[in-house]
Amino acid sequence: MDVPEALYLPDGDGFTATALTIGPWDAAHQHAGPPAALLLRAAEQASGIDGGQTVRLAYDILGPVPVGPVQVRTSVLRPGRRVELVEAALSAGNDRPLMRLSAWRMRSRGDAAPATPLTHPAPAGPEESRPERAAFFTTEVAYHRALEWRFAAGTFNGPGPAIAWTRPECALVAGETMTPLQHLLVMTDAASGISATLDWTRATFANVDLSVALHRPPRGEWLGMDAATVHGGTGAAQCNALLFDADGPIGRSSQSLFVEPR
């Protein structure tokens, strides 16, 4: 089986998505995790704060992102030496944005208030957790092979909340090492997948947004999330996750899901 080395290949002034970006609903469309990471990469490159930290990422998913050529453009909406707001938008073949990121970035400093002690949410580390692959993807090579998945609680292939660790199995962009924050974005959009409460063959529950709030940057090879999905009974649901690395919690994510029968 031929597995690409990266989620994206540089292509002129844009990128070409590989099969590792394929999502669970349609083999022609990307999972939202990889383009979320690609937009984060662009926002950090456009930043004017050297060595800064990204503390809030708000994504709007405006349409399906095709598996193929994509372009990214950025703008700094609120420049500053200590705090800035950067916007990045992804399109495919025209100027219509398919996914948009608004990212707040701040200066990093080591002489501020000490870190708040927090209890680690994972009942087991990655080495003690159960390896698993998602069974609901329709192609052998797709998003589920971009990361190694290990479950400390719950499962990809059954209903209910779940706690999972991941580490990268590929690069985000060919020729580059995936950073911990890029890894976090590739992973976090799958929170609603690992905590699904509906049958994948009978319902769709795609998210229209993704919000990530971080009190510190992620670090290390293994990152994880403790995710749960709640349905409102009216065709909408919310997925929330506590995000962590080996040292403890790093922030939270939320997703709004549009639910309907297949």
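The values are calculated or read from the model by the stated rules, or taken from the named source; none is laboratory data. No experiment lies behind these values; they were computed from the predicted model shown. Cβ atoms come from the backbone with ideal geometry, glycine included; neighbour counts cover every protein chain shown.
On the given criteria, is Gln182 in contact with a Pro (Cβ under 9 Å, 6 or more places away or on another chain) and polar (S, T, N, Q)? Yes. When region 20-62 is filtered for residues that are among the aromatic types (Phe, Trp, Tyr) and crowded, with 20+ Cβ neighbours inside 10 Å, only Tyr59 remains. Within region 8-65, the set of residues being in a strand (DSSP E or B) and more than 17 Å from Leu77 (Cα to Cα) comprises Tyr8, Leu9, Pro10, Asp11, Gly14, Phe15, Thr16, Ala17, Ile22, His29, Gln30, Ile61. If I filter region 155-162 for residues that are touching a residue at least 60 places away in the same chain (Cβ under 8 Å), part of a loop (DSSP other than H, G, I, E, B) and of a type in the set (A, V, I, L, M), do I get at least one hit? No, region 155-162 contains no residue that is touching a residue at least 60 places away in the same chain (Cβ under 8 Å), part of a loop (DSSP other than H, G, I, E, B) and of a type in the set (A, V, I, L, M). Residues that are at pLDDT 95 or above number at least 2 in the following strands (runs of 3 or more DSSP E) confined to region 198-244: 209-214, 223-231. The set of residues in region 163-184 being on the phi < 0 side of the Ramachandran plot, assigned to a loop (DSSP other than H, G, I, E, B) and of a type outside the set (S, T, N, Q) consists of Glu169, Cys170, Ala174, Glu176, Met178.
Filtered by the rule that a residue be of a type in the set (A, V, I, L, M, F, W, C) and out of contact with any Ser or Thr (no Cβ under 8 Å at 6 or more places or on another chain), region 51-64 gives Val55, Ile61, Leu62. Restricting Gly233, Gly175 to those that are exposed (fewer than 15 other Cβ atoms within 10 Å of the Cβ), free of Cβ contacts under 8 Å to residues at least 24 places away in the same chain and over 22 Å from Ala124 (Cβ atoms) reduces the list to Gly233. Residues in region 125-142 include none that are within 27 Å of Ser47 (Cβ to Cβ) and buried (at least 17 other Cβ atoms within 10 Å of the Cβ).
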